[in-house]
Amino acid sequence: MKNLFLLLITCSCLSAVSGQTSKNKPAQKAPKLSTTWGGYPKGNVNTAQFKKIVDSAIVVKDEKGSFYPLTRFRINYIFLSTYKDSESLQVSTIKDLRVSDFYDTPMLSEPWRSSIIDNAKKGDTILINNVIVRMKNGKKTLAPDLKIALQ
């Protein structure tokens with residue numbers, strides 16, 4: 001009986017120690033990700049050059065150059081539009097916004113690409129955010145936003 005009791009205590013101590021060692025393992029460092037579109041990381045792009053990159057894929061990679069597949073991203077296209085007030089007949093300019101989410105693709109849909117190519121002009125801003133990628137271990141993580149201002 002005494003031997004059985006010692007055996008149980010020894011087993012419980014060993015399992016506690018082995019459980020602690022697995023919990024104390026250092027967490028794997030998350031890679032530093034960057035988001036680009038047509039090779040542009042962010043910043044100012046002239047309108048003609050931007051119209052050429054609209055057909056490109058949005059790319060997320062880490063500092064080692066490894067690529068990560070996109071599972072989701074959102075585009076926010078901010079532009080100026082004008083309207084004529086029906087009462088005062090004054091023409092006014094306001095900031096307008098078009099937003100859409102894309103899933104399991106690194107590219108904009110054809111209607112979005114065509115619309116941007118046809119309408120992009122100096123002063124417009126494109127924000128790619130809520131970029132979710134699948135890591136090598138299968139988990140999903142948020143990648144950095146990408147903001148492009150048209151010049």
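The values are calculated or read from the model by the stated rules, or taken from the named source; none is laboratory data. Here the structure is a predicted model, which is why all the values come from computation and not from measurement. Cβ sites come from the backbone with ideal geometry, for glycine too, and all protein chains shown count toward neighbours. In case anyone asks, the SASA skips ligands and DNA or RNA and just uses the protein heavy atoms, side chains included. Shrake-Rupley method; radii C 1.70, N 1.55, O 1.52, S 1.80 Å.
Measuring between their Cα centroids, the stretch 41-87 and the stretch 88-151 lie 5 Å from each other. Residues within the reach of a label modelled at LYS32 (point 7 angstrom out along Cα to beta-carbon, backbone nitrogen below 15 Å), restricted to the stretch 55-74, are 61-66.
Taking the accessible area of the stretch 24-145, probe 1.4 Å, and keeping the other protein chains in place, the carbon and sulfur fraction comes to 51%. Normalising the Debye intensity of the stretch 57-151 to I(0), with uniform scatterers on Cα atoms only, and taking log10 at q = 0.21 Å⁻¹ returns -1.06.
A simple rule links phi to the HN-Hα coupling: the Karplus curve 6.51 cos²θ - 1.76 cosθ + 1.60 with θ = phi - 60°, which for the stretch 140-151 gives 9, 8, 8, 9, x, 5, 9, 10, 10, 9, 7, 10 Hz, with x for Gly and Pro. For the stretch 58-75, backbone phi angles converted through the Karplus equation (6.51, -1.76, 1.60; θ = phi - 60°) give residue-by-residue couplings of 7, 10, 10, 9, 9, 5, 8, x, 6, 8, 10, x, 7, 10, 5, 7, 10, 10 Hz, Gly and Pro being listed as x. Distance between the 7 Å Cα→Cβ label points at VAL99 and THR82: 2.8 nm.
Distance between the 7 Å Cα→Cβ label points at ARG113 and GLU63: 3.4 nm.
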